[in-house]
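Just below is one structure, and these are the notes that go with it.
Just so you know, all these numbers are worked out from the coordinates, no wet-lab data involved. Computed from a prediction, not measured in an experiment: that's the story for all the values here. Heads up, the Cβs are rebuilt from the backbone with ideal geometry, glycines too, and the neighbour counts pull from every protein chain shown.
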Amino acid sequence: MPRPTTKQALLTAANEQFEKMWTLIDSLPEDPTAVVFDFSGLDKKEAHWGRDKNLRDVLTHLYEWHQLLLSWVNANQSGEAKSFLPEPYNWKTYGQMNVGFWEKHQPTSYADAEAMLKTSHNDVLELIGQFSDEELFEKKHFPWTGNSSLGSYCVSATSSHYDWAIKKIKQYKKMCPADVK
């Protein structure tokens with residue numbers, strides 16, 4: 001799927017990947033609350049392969065990145081200068097922030113994670129709908145997006161992140177014993 005460059009393409013990609021993720025979750029042979037990720041045997045270098053232990057962890061991760069986007073856009077649109085990543089994090093240390101999200105949501109139930117993500121997905125789509133193609137995809141249109149575009153942050157928080165989740169779930173399914181598939 002090509003990276004979206006228009007509002008309509010962004011909304012379509014976000015919804016398609018979101019639905020694809022839920023279809024994949026619904027296709028799992030067991031109760032989603034019983035899914036346990038164990039990717040320890042994989043030769044994967046990214047920290048998330050060891051961090052996320054179940055579907056709840058993935059769903060709350062997506063939810064928290066939605067919250068980052070929503071908070072960042074709403075603050076800056078209201079005149080409050082705010083970075084996308086909260087202090088003290090930056091693009092070199094955001095992995096630590098993700099661990100913080102993981103820790104924060106250990107008491108969150110799967111049902112709550114699912115409801116939170118579905119709500120935040122709709123909130124993000126509503127936010128995207130408020131902007132024009134130019135506002136979303138013209139680099140530096142807003143001074144607070146730096147050298148990037150607002151749309152690139154939206155793609156990252158939606159369709160690209162959903163693709164990340166889909167890859168994790170597919171890897172889990174691939175590793176399931178044949179009698180469980």
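Worth a mention:
- Per residue, the chain reaches -19000 deg cm²/dmol at 222 nm when only DSSP H runs of four or more residues are counted, each adding -39500 (n - 2.57).
- Spatial extent of segment 36-118: Rg and Dmax, with the Cα atoms as the point set, Å: 14.4, 48
- Listed residue pairs exceeding 29 Å between alpha carbons, taken from Lys7/Lys53; Lys53/Lys140; Lys44/Lys82; Lys104/Lys170; Lys7/Lys44; Lys45/Lys82: Lys7/Lys53; Lys53/Lys140; Lys44/Lys82; Lys7/Lys44; Lys45/Lys82
- Note on segment 1-42: semi-axes of the ellipsoid equivalent to its C-alpha gyration tensor, largest first and rounded to whole Å, are 29, 14, 7.
- By the equivalent-ellipsoid construction on the alpha carbon gyration tensor, segment 107-174 comes out with semi-axes of 28, 16, 10 Å, ordered largest to smallest.
- Rounded tilt (10° steps) of 94-104 against the dominant C-alpha axis of the chain: 60 degrees
- The modelled label-to-label distance between Val36 and Gln8, using points 7 Å beyond Cα along the C-beta direction, is 4.8 nm.
- Taken over the chain, the convex hull of the Cα atoms encloses 125 Å³ per residue.
- Acute angle (nearest 10 degrees) that the helix 55-77 long axis makes with the longest principal axis of the chain, alpha-carbon atoms: 10 degrees
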